[in-house]
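Take a look at the structure below.
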Amino acid sequence: MSEKTSSVHYINYLALDKVLDAQHPISDKGKGAAHEEMLFIIIHQTYELWFKQILHEIQSAMDLFKADKIDESNIGIIVRRMDRVNKIMTTLVGQLDILETMTSLDFLDFRHHLSPASGFQSHQFRKLEVMLGLKIKKRHQFGGCPYHAQFEGKKKEEILELEENNSLFSLIEKWLERIPFLKMEGFDFISKYEGAVNEMLEKEIAGIKAANLTDEDRALRIRMIEENKKYFERVLSEDEHNKAMEDGETTLSYKATMSALLINLYRDQPILHLPYQFLRSLVELDHKIATWRFRHVQMVEKMLGQKIGTGGSSGQGYLKQTVDKHKLFTDLANISTLMISRSYLPELPKNIKDTLGFNYTK
Ligand code: HEM
């Protein structure tokens, strides 16, 4: 069927005339176009298309989490969408390999045409960061200018509004706080867990005392376990946790952290399996974005060395700072520090196992 007679035609449906007519190298205004500029444009456009898809998925997850009552089947949908986002992120990291087929000398053939354009001005990338929960006070600043100074009009308003709204982080925190598993009839999770940790540490101390070690070595190992015990006590104390939040050392609330711990420990319970996968997917996303940031820095180092960026930052110096500082779900990743082996895990009473039906949202 021809383009004219068909109501839905491949070319029209995909708006290919617009998409394929959207590459306009600016280096051809002088002596002749720089060959590599086409790759530079297409790579960036491809990134922006994938950012669009990621935002679409994250927005849908946020919409599902906004509901007061979260339908359990929706957790499965969200897990699948987060998995898709993570697969896209893998592709986005991989795409840098293609761009790196351009050398720094090739880049210099057209870089002077680009200033002051910069990745700083990627509105979708900023939207993604803010929607995930990156707050302005947590950002690594450069040149005393807020990141949104790069935008004007509606684009700026949109970013400022997103800063004020719920983020995926805040919605997840509320969802974790609502999960009513921490205190159930006949089962107080935190005190049971504390008991299990103490039992584990006492056994470790008994093992060290019985082992064939020098006095010095034995004392050192026991001191290490006592330090470990203090760490657990600090994490389990709500007051200490709130203080750590005030000091900016941790972001996730005490209740949400305890729920996340419970989900991680009892992940084998069918009802907690999907929430566990979901929490895992968030840590995965954080790591993938950090991997992208790190690979982007390495590429910038190869292309520019110590040159400053077209957006006016110190270039790789600035970008390196963002790799760790802009992570969002570190508190969830740190739950692994609190894991104890299944053999110490307090057995859930039968009545609780039975009541762990599939109706756990308020
Ligand atoms: C030759 C290739 C590239 C070079 C030399 C480069 C260089 C830079 C530099 C120096 C910065 C810091 C801001 C500035 O002062 O301009 C930056 C930021 C950024 N670039 Fe690139 N970039 C390249 C490719 C890409 C690609 C393919 C993307 C994909 C979208 C991208 C996205 C970004 C983003 C989102 C930022 C802001 C990061 C942040 O503030 O955390 N860049 N880039």
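For segment 107-118, how many residues meet the condition of being near the ligand (Cβ under 8 Å from one of its atoms) and crowded, with 17+ Cβ neighbours inside 10 Å?
2
Mind counting the residues in segment 276-323 that are part of a loop (DSSP other than H, G, I, E, B), on the phi < 0 side of the Ramachandran plot and near the ligand (Cβ under 9 Å from one of its atoms)? Break it down into steps so the answer makes sense when it comes.
First, the residues of segment 276-323 that are part of a loop (DSSP other than H, G, I, E, B): 305-315.
Subsequent filtering for residues that are on the phi < 0 side of the Ramachandran plot retains 306-311, 313-314.
Then keep just the ones that are near the ligand (Cβ under 9 Å from one of its atoms); that gives 307-311, 313-314.
Looking only at that region, the number is 7.
Take the conditions within 23 Å of the chain's Cα centre (by Cα) and at pLDDT 90 or above and apply them to E152. Does it pass?
Numbers: within 23 Å of the chain's Cα centre (by Cα): no; at pLDDT 90 or above: yes.
It is false that E152 is within 23 Å of the chain's Cα centre (by Cα) and at pLDDT 90 or above.
Could you list all residues from segment 252-286 that are touching a His at 6+ places or on another chain (Cβ under 9 Å) and basic (K, R)?
R267 - this is the single residue of segment 252-286 that is touching a His at 6+ places or on another chain (Cβ under 9 Å) and basic (K, R).
Give me the pairs, please: first residue somewhere in segment 149-163 and more than 11 Å from H123 (Cβ to Cβ), second residue anywhere and in a loop (DSSP other than H, G, I, E, B) and not hydrophobic (A, V, I, L, M, F, W, C), beta-carbon distance under 9 Å, and either six or more positions apart or on two chains.
E163/K135
In segment 87-106, is there at least one residue being surrounded by 18 or more Cβ atoms within 10 Å (Cβ to Cβ) and not aliphatic (A, V, I, L, M)?
Initially, segment 87-106 is screened for residues surrounded by 18 or more Cβ atoms within 10 Å (Cβ to Cβ), giving 89, 92, 99, 102.
Narrowing the set further to residues that are not aliphatic (A, V, I, L, M) leaves none.
The answer is no, given that none of the residues of segment 87-106 is surrounded by 18 or more Cβ atoms within 10 Å (Cβ to Cβ) and not aliphatic (A, V, I, L, M).
Filter segment 141-170 down to residues that are small (G, A, S) and in a loop (DSSP other than H, G, I, E, B) and give me whichever is surrounded by the fewest Cβ atoms within 10 Å (Cβ to Cβ). Show your work before the answer.
Just the residues of segment 141-170 that are small (G, A, S), to begin with: 143-144, 149, 153, 167, 170.
Still in the list and also in a loop (DSSP other than H, G, I, E, B): 143-144, 167.
Working: G143: 10, G144: 6, S167: 20.
Result: G144.
Could you list, in sequence order, all residues of segment 210-237 that are in a loop (DSSP other than H, G, I, E, B) and under 20 Å from K255 (Cα atoms)? Let's see the steps before the verdict.
Applying the first criterion (in a loop (DSSP other than H, G, I, E, B)) to segment 210-237 yields 211-214, 237.
Scanning segment 210-237 gives a single hit, S237.
Identify, please: which residue in segment 24-43 is within 11 Å of the ligand (Cβ to nearest atom) and touching a residue at least 60 places away in the same chain (Cβ under 8 Å) and is, among those, surrounded by the fewest Cβ atoms within 10 Å (Cβ to Cβ)? Can you show your working first?
Narrowing segment 24-43 to residues within 11 Å of the ligand (Cβ to nearest atom): 36-37, 39-43.
Right, trim to touching a residue at least 60 places away in the same chain (Cβ under 8 Å) and you get 36-37, 39-40.
Values: E36: 20, E37: 23, L39: 15, F40: 20.
By that ranking, first place goes to L39.
Consider segment 48-69. How many of its residues are without any contact (Cβ under 8 Å) to a residue 60 or more places away in the chain, within 26 Å of K87 (Cα to Cα) and of a type outside the set (D, E)? Give the derivation first.
First, the residues of segment 48-69 that are without any contact (Cβ under 8 Å) to a residue 60 or more places away in the chain: 49-50, 53, 56-57, 60, 63-64, 67.
Those still in the list that are within 26 Å of K87 (Cα to Cα) too: 49-50, 53, 56-57, 60, 63-64.
After this cut, where a residue has to be of a type outside the set (D, E) as well, the list is 49-50, 53, 56, 60, 64.
Counting residues in segment 48-69 that are without any contact (Cβ under 8 Å) to a residue 60 or more places away in the chain, within 26 Å of K87 (Cα to Cα) and of a type outside the set (D, E) gives 6.
Which pairs do you get when a residue that is surrounded by fewer than 17 Cβ atoms within 10 Å (Cβ to Cβ) and assigned to a loop (DSSP other than H, G, I, E, B), found in segment 326-349, comes within reach of a residue that is of a type in the set (V, I, T) and at pLDDT 95 or above, reach meaning Cβ atoms under 7 angstrom, with the pair 6+ apart or on two chains?
Note: pairs meeting the criteria are I340/V197.
For residues that are part of a loop (DSSP other than H, G, I, E, B), within 17 Å of the chain's Cα centre (by Cα) and in contact (Cβ under 8 Å) with a residue 60 or more places away in the chain, tally how many sit in segment 117-140.
Restricting attention to segment 117-140, the residues satisfying the condition of being part of a loop (DSSP other than H, G, I, E, B) are 117-118, 122, 133-135, 139-140.
Then keep just the ones that are within 17 Å of the chain's Cα centre (by Cα); that gives 133-135, 139-140.
Subset that is in contact (Cβ under 8 Å) with a residue 60 or more places away in the chain: 133-134, 139-140.
Of the residues in segment 117-140, 4 are part of a loop (DSSP other than H, G, I, E, B), within 17 Å of the chain's Cα centre (by Cα) and in contact (Cβ under 8 Å) with a residue 60 or more places away in the chain.
Within the set of pairs 6 or more residues apart or between chains, which connect a residue that is under 20 Å from G119 (Cβ atoms) inside segment 278-305 to a residue that is in a helix (DSSP H, G or I) and charged (D, E, K, R) with Cβ atoms less than 8 Å apart?
Short answer, once both residue conditions are applied: A290/D324; V297/K320.
So how many residues does segment 249-267 have that are in contact (Cβ under 8 Å) with a residue 24 or more places away in the chain and assigned to a loop (DSSP other than H, G, I, E, B)?
Qualifying residue count for the region: 5.
Could you figure out which of (1) within 16 Å of the ligand (Cβ to nearest atom); (2) touching a His at 6+ places or on another chain (Cβ under 8 Å) isn't true of L160?
With (1) within 16 Å of the ligand (Cβ to nearest atom); (2) touching a His at 6+ places or on another chain (Cβ under 8 Å) applied to L160, the lone miss is (1).
Among (1) of a type in the set (D, E, K, R); (2) assigned to a helix (DSSP H, G or I); (3) within 30 Å of Q277 (Cα to Cα), there is one condition D68 misses while meeting the rest; what is its number?
All conditions are met except number (2).
The values are calculated or read from the model by the stated rules, or taken from the named source; none is laboratory data. Since we're looking at a predicted model, the values are computed, not measured. Glycine gets a Cβ as well: all are built from the backbone with ideal geometry, and neighbour counts include every protein chain shown.
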